[in-house]
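Trainee: The structure under discussion is supplied below as structure tokens; questions concerning it will follow.
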Amino acid sequence: STRPREWPVPLVDGAGAGPLIWVNPVAEEKTVKNRMHLDVWGDPDRLVAMGATVIRARDHEIDWWVMADPEGNEFCVFPEPDAAA
């Protein structure tokens with residue numbers, strides 16, 4: 001069956017070592033800067049294809065991308081460990 005959009009989504013570490021994180025959808029618009037954000041490993045191009053936007057690209061000053069999800073929530077993306085070179 002299809003999961004309703006208003007249901008929370010659990011993020012579970014498949015290895016069982018990390019914390020359980022719940023993402024809870026809300027109806028309210030974002031009005032202020034995030035009080036916290038996630039840092040993840042990933043492919044920024046793939047995330048853009050999924051709806052994210054690049055706020056600041058990786059460059060000579062920072063080794064990560066600052067991105068935002070479609071609702072404007074910011075997160076940092078580090079290159080996959082094997083792709084960092």
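Read-outs throughout are calculated quantities, based only on the coordinates presented, and are distinct from any laboratory measurement. What you are looking at is a predicted structure, and each value in this text was computed from that prediction instead of being measured. Here the Cβ positions follow ideal geometry from the backbone for every residue, glycine too, while neighbour counts run over all protein chains shown.
Trainee: If you keep only loop residues by DSSP, which trypsin sites (Lys or Arg not before Pro) in the chain have at most 14 other Cβ atoms within 10 Å of their Cβ?
Mentor: Listed in order of number, the matching sites are R5, K30, K33, R35.
Trainee: What list of ³J(HN,Hα) couplings, whole Hz, do you get for the range 74-81 from phi and the Karplus terms 6.51, -1.76, 1.60, once you set θ to phi - 60° and write x for glycine and proline?
Mentor: Using θ = phi - 60°, the values come out as 7, 8, 9, 10, 9, x, 3, x Hz.
Trainee: Would you mind checking which residues have amide H under 5 Å from W64's amide H? H placed 1.01 Å from N; only 5 or more apart, or other chain.
Mentor: The answer is D59.
Trainee: Right, here's the next one. Whole-Hz ³J(HN,Hα) for each residue in the range 46-62, computed from phi via Karplus 6.51 cos²θ - 1.76 cosθ + 1.60 with θ = phi - 60°, x for glycine and proline: what do you get?
Mentor: Each residue's phi maps through the Karplus curve to give 5, 5, 4, 4, 8, x, 6, 10, 8, 8, 8, 7, 4, 8, 6, 9, 10 Hz.
Trainee: When only C-alpha pairs under 8 Å and at least 6 residues apart count, what is the relative contact order of the range 36-85, in percent? Don't jump to the answer; show the numbers that get you there.
Mentor: Details: 78 pairs, mean separation 20.6, N = 50.
Rounded, it is 41 percent for the range 36-85.
Trainee: Let me ask something else about it. Rank the residues V54, V23 as a footprinting-exposure proxy: fewest other Cβ atoms within 10 Å of their Cβ go first.
Mentor: V23, V54
Trainee: Full-extension gain between K30 and D69, please, as 0.36 nm times their residue separation minus the C-alpha to C-alpha distance.
Mentor: Here the segment from K30 to D69 would lengthen by 12.9 nm.
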